[in-house]
1. Tell me, what HN-Hα J-couplings in whole Hz come from the Karplus equation 6.51 cos²θ - 1.76 cosθ + 1.60 at θ = phi - 60° for each residue of the range 31-41, using x for Gly and Pro?
2. Would you tally the net charge around Q90, using a Cβ to Cβ cut-off of less than 11 Å, leaving Q90 out, and scoring K and R as +1, D and E as -1?
3. Along Cα→Cβ, 7 Å out, is where each label goes; now give me the distance between the ones at T17 and S211 in nm to one decimal.
4. May I ask you to work out the translational diffusion coefficient for the range 2-231 at 20 °C, viscosity 1.002 mPa s, via Stokes-Einstein with Rh from the Kirkwood sum over Cα pairs, reported in whole µm²/s?
5. What residues have an amide H closer than 5 Å to that of T57, excluding those fewer than 5 places away on the same chain, when H is modeled at 1.01 Å from N in the peptide plane?
6. Multiply the residue separation of N185 and N202 by 0.36 nm, subtract the distance between their alpha-carbon atoms, and state the gained length in nm to one decimal.
7. Sketch the reach of a paramagnetic label on L233 as a point 7 Å from Cα along Cα-to-Cβ, and name the residues of the range 143-176 whose backbone nitrogen lies under 19 Å away.
8. Using amide H atoms built in the peptide plane, which far-off residues or other-chain residues are under 5 Å from V165 H to H?
Amino acid sequence: MRLAIISDIHSNLQALTKALEVIQERQVDEILCLGDIVGYGANPNECVELTKKHCSTILLGNHDLAALDPSAAEQFTAIARIAALWTGEQLQPDHKSFLGTLPYVARRDGAMLVHSSPYEPEEWHYIFTALDARAMFNSFSESLCFVGHSHVPGVYAEQPGHRHVNRDGRFIVNVGSVGQPRDGNPKLSFGIFDVENWEYENVRALYDVKSASAEILKAGLPNALGERLFAGL
Ligand code: ZN
């Protein structure tokens, strides 16, 4: 059984379409989504529809919540707040009610899945570094926890010295972002987890950044949201 784990699509239809193409080529059995389907990009409705169609498990992200409840966007940067309000206006009512049903946490095949962090998932803490991750290992009992939220892919081991996911250690794995990578690499990011062999791979792929950026401009969203896609920031 091979699982594709995607996260942080952020209404980027070009990136999501490409990710689904790559996933299909990679003979994956199931797709799980760690949340933030919407926010920042120009195609929230299409992205909700596609995610709903292709993913067996979908979690709630902070930008999904902010599109439903503007008070959840109060801590956002100015451009993120503008995008959240715009997204809230664009989303079809049935897509809004669907987002409203999504859970914060799921458990699957010995792994915990969460949008932000295993510690207080509703508080949207970020994991950027090994130090951030180290503080979180007491917050879950599984040996593996998949996260998104920071848009920076990475594998963090509880015990130093483990660089790849294996059965002997415990790991927090950030699958990165499909629709707005922030590690200086504009290629979309997601993970493939082989449940039998307990192997994890971070997959990167080029997508049509130009079109995604042009759609953002056309929608009247802040310019910077399109620009950052070229830099992967
Ligand atoms: Zn996000």
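No lab work stands behind these numbers, since they all come straight from the coordinates. Not measured: the values here are computed from a predicted model. All Cβ positions, glycine included, derive from the backbone under ideal geometry; neighbour counts span all protein chains shown.
1. Values, residue by residue: 10, 10, 10, 8, x, 6, 5, 10, x, 5, x Hz.
2. Computed value for this residue: -1.
3. 0.3 nm
4. Working: Rh = 17.3 Å.
Once the numbers are plugged in, D ends up at 124 µm²/s.
5. Under 5 Å from the amide H of T57: C33.
6. 4.8 nm
7. The answer is 150-153, whose backbone nitrogens lie closer than 19 Å to the label point.
8. It is Y200, by chain and number.
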